[in-house]
Amino acid sequence: MDVESVRRDFPTVRKGLGVYLDSACQSLRPDQVIEAINDYYENYPACGGRSVHSMATRVSIAVDETREALASFFGTDDPDCYVFTKNCTEGLNTCAFGLGLKAGDVVVTTDAEHNSNHVPWLTLQDTLGVGRRFSRSDSEGGFDIESFKECMKPDVKVVSVQHCNNVTGCTVPVREVAEIAHDNGSIVMVDGAQSAPHMPVDLKNLDVDLYCMSIHKMLGPTGMGVMYGKREVLESMNPLLLGGGTVGLATYSSYNPAPIPDRFEAGLHNYAGIVGTKAALDYLTAVGMDEIEKWDSKLMKRMMGNLEDVRNLHPVGPTDPSRRGSVFSFNIDGLNPHDIAMMVDNTSGVMIRSGMHCAHPFYVDRGIEGSARASTYLYNDFSDIDAFTDAVRHIAEVFGD
């Protein structure tokens, strides 16, 4: 991968507006995505799928092309199985509330899920009597397949797991999980927010039933997510929202639902976001997801290697960088995570995140009040990593306990 060429495509990098190590929250956007969005607003800012004039037709074609690009990118055959959402959270909620679970049905998750894959199940537990079962992580926060197997009983209707963890960076062996779950007769849904931007994801090979992602973590626009589902699963689900675009015909007393994917896409689309999504997918395809995964691994190895002898620094999650994907969470004795984040920004212009990263149960269960988190992507280079680790080392040595 030509990292210097990639870096020139990102305006904030070109302008030297600081070192961005917060891509697990949302990514930067390259010129190509920004230009595609501007092209929509400047040249065909109309609705698709409603009017039949020339601008609207161009929008409709762009929407279809983006679904086709998604199917190609994720290794599946049916573009209609990709539903546009505003983020991964909306997709996960649509799945959770659309599967028609009832009292006594059990949902299995890991004990380290993002709140988006935890709180909806709590709500169904409280309102419908749906049961919960947690696959427990190993000592470093990694997935424990034996704990997962112990959770699988005939009452398990849904297995819903993250693909990559946003705190530890650990990857769940989704294909193996899907095989076990399907043998048990369970639906498999996956939170792909942290995996889809950073590694090749072949949904046909993984054989999951539902897979959600945030395009804003994949170089795409804010307010864009995607929910993938096998056709037979989507056709059996209820939509989260109803209204314009979701029905074939409505009368005063009844309505019939529109075909997929339209039945899940209520109201006016984020057309600029959809256009920007295709530009982001095209960009990632040109660079190569294998190359991105390898580069993240090199950056993480450099980062953790630079910090391995800092006495009062403690990783949250594995100490082996090969298990961390693109995410490094850590604490420094005597310092609050928010203070660490502000200090590295104020002293060195390095932007990271701090807090519980929407994974509250993981931290509460372990008695940890949060962590600082640095996350990499294809536009970072070794100079970014060194600027971060130099700043952290200085803070730890001067202000750490």
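The values are calculated or read from the model by the stated rules, or taken from the named source; none is laboratory data. Here the structure is a predicted model, which is why all the values come from computation and not from measurement. Neighbour counts run over all protein chains shown; Cβ positions are idealised from the backbone, glycine included. Ligands, DNA and RNA are excluded from the accessible area calculation, which covers all protein heavy atoms including side chains. Shrake-Rupley method; radii C 1.70, N 1.55, O 1.52, S 1.80 Å.
Here is how the numbers come out for the structure above:
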item	result
Of all residues making up the stretch 173-207, the number that are touching a residue at least 24 places away in the same chain (Cβ under 8 Å), out of contact with any Asp or Glu (no Cβ under 9 Å at 6 or more places or on another chain) and among the charged types (D, E, K, R)	2
Lone unmet requirement of (1) touching a residue at least 24 places away in the same chain (Cβ under 8 Å); (2) closer than 24 Å to Lys157 by Cβ for Glu232	(1)
Matching helices (runs of 4 or more DSSP H) fully within the stretch 1-54 where at least 1 residues are touching a Leu at 6+ places or on another chain (Cβ under 9 Å) and of a type in the set (S, T, N, Q)	11-14, 31-43
Residue check, Ala112 assigned to a loop (DSSP other than H, G, I, E, B), in contact with a Phe, Trp or Tyr (Cβ under 7 Å, 6 or more places away or on another chain) and either under 29 Å from Arg133 (Cβ atoms) or among the charged types (D, E, K, R) (or both)	yes
Unmet criterion (only one of (1) open to solvent by less than 80 Å² (accessible area, probe 1.4 Å); (2) under 24 Å from the mean Cα position of the chain (by Cα); (3) charged (D, E, K, R)) for Asp39	(2)
Filtered residues of the stretch 309-368 (kept if among the hydroxyl-bearing types (Ser, Thr, Tyr), outside any helix (DSSP H, G or I) and surrounded by fewer than 24 Cβ atoms within 10 Å (Cβ to Cβ))	Thr319, Ser354
Residues (open to solvent by 80 Å² or more (accessible area, probe 1.4 Å) and among the β-branched types (Val, Ile, Thr)) located in the stretch 42-58	Val52
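Table: residues versus (1) charged (D, E, K, R); (2) in contact (Cβ under 8 Å) with a residue 12 or more places away in the chain.
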{"site": "Leu281", "(1), (2)": "no, yes"}
{"site": "Met300", "(1), (2)": "no, yes"}
{"site": "Val310", "(1), (2)": "no, yes"}
{"site": "Arg353", "(1), (2)": "yes, yes"}
{"site": "Val364", "(1), (2)": "no, no"}
{"site": "Arg373", "(1), (2)": "yes, yes"}
{"site": "Asp381", "(1), (2)": "yes, yes"}
